Structures are given as C-alpha cells and as structure tokens.
Amino acid sequence: MYKWVVSCFIYLFYQKIRSLLTNFKNHISNNFPALKGKKILIACSGGLDSVMLSKLFKELNFNISLAHCNFSLRGKESDEDEKFVISLADTLSIPVFNKKFNTKTYKAKHKLSTQVAARKLRYQWFDEICTEHSFDCLATAHHLDDDLETFLINLSRGTGLRGLTGIPVMNKKIIRPFLNFPRAEILRYAKEKNSDWREDSSNQTTDYLRNKLRIEVIPRLKEVDLNLLTGFQQTQNHLNESLSLVNDYMTLIKKTVVNKTEDGFEIDVLKLQDLPNTNALLYELLAPFGFTAWDDISDLLAAQSGKQIVSKSHRIVKNRTSLLLVENNLVHKEEIYLIKESDRLIDRPIQLKIEAVEKTSDYISSIAYVDAQKLKFPLELRKWKEGDSFYPFGMIGKKKLSKFFKDEKLSLVAKEKIWILTSGAHIVWIVGMRADHRFKVESQTKNILKITFHKNNL
C-alpha cells in the first residue's frame with residue numbers, strides 16, 4: 001500500500017512537470033510557429049522568469065543564446081548576477097553575451113530616470129547583438145503578472161484603449177512567450193525542477209510605482225478575487241478585439257482624410273471635421289508619432305496657418321485647411337555652405353551641378369542660367385530668412401521672399417526646405433524655383449553658368 005501511494009505521488013509529480021512543459025510547448029507551437037529553426041537571443045537577468053524561459057527553450061531544443069546586462073547599480077550583487085548567468089549558459093551549453101554599463105553616468109548625461117536609462121542601454125545593446133550575430137528575434141520573459149502591472153500603470157496615467165491592451169506579445173523582433181503564464185505557475189515549475197535563480201534586491205523597494213503595485217496592491221486584489229488573472233486575461237482579449245475593430249475603422253478613415261506627400265502626410269481638416277468623434281480620430285491618427293499635447297492639437301484644427309506642435313520625432317503643422325505631419329529632421333537655419341569658383345559638383349546639403357555652357361535653353365525650375373562675370377565667389381548656399389528679398393526673373397521690381405512664397409502657396413514645411421544661392425549680399429537663385437533678374441544671361445554675356453538642381457536628393 002505504501003509503495004503504491006509513493007508511486008502515485010511520484011507519477012502525479014512528474015505528470016505535473018510534464019503538463020507545464022507541454023503547455024509551453026503547445027503555446028509556442030500555436031502562437032509562435034515561425035520560431036522553429038530560428039536563432040533566438042534571450043534577455044536573461046538571472047531572475048526566476050528569464051532563467052526558466054531559457055531552460056524551457058533549451059528543453060525544447062531551440063537554438064538559443066543568452067544576453068545579460070550588468071547595470072552596475074547594486075555593486076557586488078550585480079556582479080554576482082552576471083557570474084550566475086555565465087554559469088547558467090555553461091550548464092546549458094549555449095553561448096552568452098554579457099556587458100557592463102555605467103548606468104549612473106549615462107543617466108546623468110541624458111537626464112533620464114534610472115529605469116529609462118537602463119531600458120535604453122539594454123535594448124540598444126540587444127539590437128546591436130541581433131544585428132551583428134544575425135539573431136532572428138529577441139525573447140524577453142515578461143509574464144501575465146507583468147502585463148497586469150503595466151495595465152494598472154497605464155490606467156493610472158489616463159491612457160486610451162491602446163495603453164490598456166498592455167504589453168504586446170510581439171513587437172518587431174521582440175517576442176514575449178511567457179505573457180500568457182502567471183508568475184505563480186513559473187515559480188511552481190522552477191521549484192518542482194529544483195532550479196536556482198537570482199533575486200534582485202531592488203525589486204523589494206516600493207520607490208517605483210511598478211514595485212509598489214507588485215508588492216502592495218496586486219496581492220490585495222488577488223485576495224479579493226482569486227480569479228483576478230483569469231478575468232484580466234479575458235478583459236485583455238476583449239480589449240484587443242476592440243482595438244482590432246478600431247484599427248480596421250482607422251484604415252478606412254485614413255483613406256478618406258490622409259494623403260501621402262513628399263515630406264510626410266497631409267490630413268484634410270474639413271473632411272475630418274465632417275466625421276463624428278473628430279478629436280478621437282485625431283488621437284488615433286497622431287498617437288503613433290509620439291504626440292501628447294492633445295488639447296493643443298485639438299485647438300490646431302481652428303488655428304491659423306503656420307501654427308505647429310512638436311513631438312520628439314515629428315511635427316504637426318497647420319497649413320490652411322490641412323495638417324501636415326513631418327519628421328523633425330530639419331537642417332539648422334543658420335547653417336551655410338560655401339561654393340568655390342572651381343566647384344562643379346555639390347553633394348551637400350543638396351545636389352547641384354555647375355557647368356559652363358555656350359547658350360541657354362528653355363527655362364525649367366530645376367535649372368538656372370547665370371552670367372558668371374556677375375558672380376562674386378565664394379557663393380553661399382543657405383536657408384532663407386525673414387527680410388530676404390530678390391528681383392524675380394521675368395518680373396519687374398523687387399519682392400520679399402515671404403510674399404513670393406505666399407503667392408506660390410507654399411506651406412511652412414515647404415518653405416523650410418527651400419535653399420537660397422547667394423553672391424555677396426544678393427540672391428542668385430531660390431533653388432528649384434526662381435532665379436534673380438540681376439544675374440540673368442544677356443546678349444553680351446560671355447561666360448554662362450548652368451546650375452542644375454537634382455531635387456530627388458533634397
């Protein structure tokens with residue numbers, strides 16, 4: 001009888017282990033079928049989650065390597081974490097990459113929080129490894145409890161639907177195979193397998209919101225509702241379904257109100273305002289580009305031309321009855337480039353070709369013919385500025401560039417891209433648009449210069 005009980009216990013024990021491993025195997029097979037035969041880099045801190053993710057992938061015979069970041073924030077403890085991960089890789093007979101960062105210096109230099117600095121450092125390095133060593137993807141060990149924490153953090157900050165969907169299972173090359181698994185399940189599996197891992201002492205402090213939620217808030221919620229994580233998963237599924245509907249609707253909206261331009265995108269304000277929930281639509285259109293000042297953006301719809309709002313990566317500019325969305329990649333307005341008399345090919349900031357010719361041909365905007373003897377070298381290539389004026393070729397009299405651009409109906413973005421070719425204090429050519437009458441080729445001109453602008457290289 002005793003032997004039978006022991007046998008049953010052992011059978012159930014190993015059956016439980018196998019079921020956990022089987023669940024993970026089935027999860028990978030059903031949700032990450034493309035991983036078969038791929039080269040996977042695992043971000044491994046040495047903690048419970050990343051250690052068990054590494055072991056599970058190894059158990060399933062995937063081609064994996066580990067990458068460990070030593071952020072030098074916990075002294076000897078950080079160094080011991082690094083040694084542990086190196087030892088783990090040796091035990092699993094897999095390659096390991098490790099790097100030590102001076103996080104405090106990087107944090108101070110870039111004026112970042114410790115968490116943001118560490119995140120930037122590790123993902124920049126992970127990207128370098130993946131590129132240099134041809135990894136197909138990066139696997140992180142975020143689990144269901146992490147997803148709940150992210151949900152609560154975003155909820156407290158007043159997020160929209162996209163923020164409430166939590167951590168994405170896949171994001172470009174990053175995959176999160178543990179996202180459907182509760183931490184308790186991972187812990188139970190680790191204990192059953194007698195696995196070792198490292199505990200990060202900083203996770204025990206409540207100085208950070210995430211830690212405070214993990215230590216003080218979520219355990220209370222689980223006491224109130226034993227099925228909290230199950231209910232949360234269902235909620236996430238519903239939210240993702242709703243987000244999918246929104247994305248499908250926005251695809252149709254974009255076809256109606258958004259046009260691709262040479263510089264970026266143009267949103268038709270009048271068409272947008274004819275649609276219900278205008279502000280919500282504007283949010284969905286612009287949120288992916290890092291904008292956060294939604295009250296100001298809403299006011300932009302009725303603002304005068306030239307008004308603009310800037311994110312870290314993009315600008316949204318009001319231009320008559322449209323909003324122009326462009327990247328923040330402008331050349332500094334004060335930047336000046338000199339062109340010597342001997343120069344024939346100019347490749348920066350724009351591409352120009354200068355050549356001597358015997359005669360002129362028909363006028364086109366990308367070519368200027370000038371009398372070389374009227375030029376004073378070196379010529380200057382610069383951005384236009386307020387107060388600039390010239391004598392437009394083919395017209396009588398002087399005209400301010402601001403008035404010329406207005407007549408040409410150029411947007412603020414288009415005006416910012418304009419380059420001016422000058423000789424001394426005088427404008428020779430508004431590059432790609434109009435030459436100055438004072439430098440025109442006349443019947444007595446002996447030396448003609450043909451200047452060609454290659455617009456595609458702007």
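Cut-off under 16 Å on the C-alpha distance; same-chain residues fewer than 8 positions from Lys25 excluded. Which aspartates and glutamates are left, in chain and number order?
Hits, sequence-local ones excluded: Glu59, Glu185.
Given the C-alpha atoms of the range 221-330, compute the convex hull and give its volume per residue in Å³.
135
Do the alpha carbons of any pairs in Lys100/Lys120; Lys307/Lys409; Lys307/Lys455 sit beyond 19 Å of each other, and which pairs?
On the way: Lys100/Lys120 14 Å; Lys307/Lys409 16 Å; Lys307/Lys455 27 Å.
From the list (Lys100/Lys120; Lys307/Lys409; Lys307/Lys455), the Cα-Cα distance tops 19 Å for Lys307/Lys455.
Can you list residues whose amide H is under 5 Å from Ala139's amide H, if they're 5+ apart or on another chain and H is modeled 1.01 Å from N?
HN-HN under 5 Å from Ala139: Leu41, Ile42, Ala43, Ile175.
Go from 0 up to the bin containing the longest alpha carbon distance in the range 2-230, width 5 Å each, and give me the % of pairs per bin.
Distribution as computed: 1, 6, 12, 16, 19, 18, 13, 8, 4, 1, 1, 0, 0, 0 percent.
Just one of [x] 28.9; [y] 31.7; [z] 25.9 is mean projected area of the Cα convex hull in nm² as worked out from the coordinates here. Which one is it?
[y]
Return the whole-Å distance between the Cα centroid of the range 344-405 and the Cα centroid of the range 89-161.
The distance from the Cα centre of the range 344-405 to that of the range 89-161 comes to 51 Å.
By how many nm would the segment from Glu216 to Glu192 lengthen if fully extended, with 0.36 nm per residue of separation less the alpha-carbon distance?
Difference between extended and current length: 5.9 nm.
Step through the residues of the range 218-232 one at a time and calculate ³J(HN,Hα) from phi using the Karplus curve (6.51 cos²θ - 1.76 cosθ + 1.60, θ = phi - 60°), rounding each to whole Hz and writing x for Gly and Pro.
Result, rounded to whole Hz: 4, x, 5, 5, 5, 5, 6, 10, 5, 9, 4, 5, 5, x, 5.
Which GluC sites (Glu not before Pro) in the range 398-451 pass both tests, a DSSP loop state and at most 11 other beta-carbon atoms within 10 Å? Spell out each step's value before the answer.
Numbers: sites: Glu408, Glu416, Glu442; in loops: Glu408, Glu442.
Passing both the DSSP loop test and the Cβ count: Glu442.
Name the shape class, rounded, prolate or oblate, that the alpha-carbon gyration tensor gives for the range 46-158, where a ≥ b ≥ c are the square roots of its eigenvalues, rounded holds for a/c under 1.5, and otherwise prolate holds if a/b is larger than b/c and oblate otherwise.
Working: a/c = 1.68, a/b = 1.25, b/c = 1.34.
Because a/c hits 1.5 or more and a/b fails to exceed b/c, the range 46-158 counts as oblate.
Using the Karplus curve 6.51 cos²θ - 1.76 cosθ + 1.60 with θ = phi - 60°, work out ³J(HN,Hα) for each residue of the range 425-439 in order, rounded to whole Hz, and write x for Gly and Pro.
8, 10, 6, 8, 7, 7, 4, x, 10, 8, 7, 8, 4, 5, 10
Please list, ordered by chain and number, the residues whose modelled amide H lies under 5 Å from the amide H of Thr360; skip anything fewer than 5 residues away on the same chain.
none
Arrange the peptides 232-241, 173-182 so that the one whose residues have, on average, the most other Cβ atoms within 10 Å appears first. If you can, show how the numbers build up before the last one.
Numbers: 232-241: 14.9, 173-182: 21.3.
Going by the mean number of other Cβ atoms within 10 Å, highest first, we get 173-182, 232-241.
Suppose every Lys and Arg Cβ carries +1 and every Asp and Glu Cβ carries -1, with no other charges. What dipole size does the range 261-327 come out with about its Cα centre, to the nearest 20 debye?
Details: 6 positive and 10 negative charges, 30 e Å.
Roughly 140 debye for the range 261-327.
So if we plug the beta-carbon distance of Ser361 and Ser156 into 1/(1 + (r/R0)^6) with R0 = 56 Å, what FRET efficiency do we get, rounded to 0.05?
Details: r = 67 Å, r/R0 = 1.20.
Calculated transfer efficiency: 0.25.
Under the definition of Cα pairs under 8 Å and six or more residues apart, what whole-number percent is the relative contact order of the chain? Could the numbers behind the result be given before it?
Values: 623 pairs, mean separation 45.3, N = 458.
Relative contact order here is 10 percent.
When only C-alpha pairs under 8 Å and at least 6 residues apart count, what is the relative contact order of the range 336-457, in percent?
Details: 219 pairs, mean separation 48.7, N = 122.
That works out to 40 percent.
Explain nothing, just compute: Karplus ³J(HN,Hα) = 6.51 cos²θ - 1.76 cosθ + 1.60, θ = phi - 60°, for every residue of the range 266-278 in order, whole Hz, x for Gly and Pro.
Computed from phi, the couplings for the range 266-278 are 10, 9, 6, 5, 5, 5, 5, 5, 6, 8, x, 6, 4 Hz.
Can you tell me how much longer the chain between Leu73 and Trp294 gets when fully stretched, taken as 0.36 nm per residue apart minus their C-alpha distance, in nm with one decimal?
On the way: separation 221, 0.36 × 221 = 79.56 nm, distance 3.68 nm.
So the extension gain works out to 75.9 nm.
Which of the peptides 290-301, 59-70, 269-280 is most tightly packed, and how do the rest follow, judged by the mean count of other Cβ atoms within 10 Å per residue? Please list the in-between numbers first.
Working: 290-301: 14.8, 59-70: 19.1, 269-280: 13.2.
Going from most to least packed, we get 59-70, 290-301, 269-280.
Gly47's amide H: which non-local residues (gap 5+, or another chain) put their own amide H closer than 5 Å, with H modeled 1.01 Å from N in plane and none for Pro or chain starts?
Under 5 Å from the amide H of Gly47 lie the amide H atoms of Arg198, each far enough along the sequence or on another chain.
Bin by bin, in steps of 10 Å, what percent of the Cα pairs in the range 105-231 do you find, going until the bin that has the longest distance?
10, 32, 41, 16, 2
Report the relative contact order of the range 261-327, percent, no decimals, based on alpha-carbon pairs under 8 angstrom and at least 6 residues apart. Let's see the in-between values first.
On the way: 85 pairs, mean separation 26.2, N = 67.
In percent, rounded to a whole number, it is 39.
Do any of Lys255/Lys450; Lys109/Lys353; Lys39/Lys111; Lys83/Lys193 go past 32 Å between their Cα atoms, and which? Spell out each step's value before the answer.
Numbers: Lys255/Lys450 42 Å; Lys109/Lys353 42 Å; Lys39/Lys111 35 Å; Lys83/Lys193 21 Å.
With Cα atoms farther than 32 Å apart: Lys255/Lys450; Lys109/Lys353; Lys39/Lys111.
How much length is gained if the chain between Ser313 and Asn329 is pulled fully straight, taking 0.36 nm per residue apart and subtracting their Cα-Cα distance, in nm to one decimal? It would help to have the intermediate numbers written out before the result.
Numbers: separation 16, 0.36 × 16 = 5.76 nm, distance 0.84 nm.
Additional length available on full extension: 4.9 nm.
Any aspartates and glutamates with Cα under 14 Å of the Lys172 Cα? List them, leaving off those in the same chain fewer than 8 positions away.
Asp127, Asp136
Readers should treat all values here as calculations from the given coordinates under stated rules, not as data from a laboratory. It should be emphasised that the depicted structure is a prediction, and the values quoted were computed from it without experimental measurement. Positions of Cβ are backbone-derived with ideal geometry, glycine not excepted, and every protein chain shown enters the neighbour counts.
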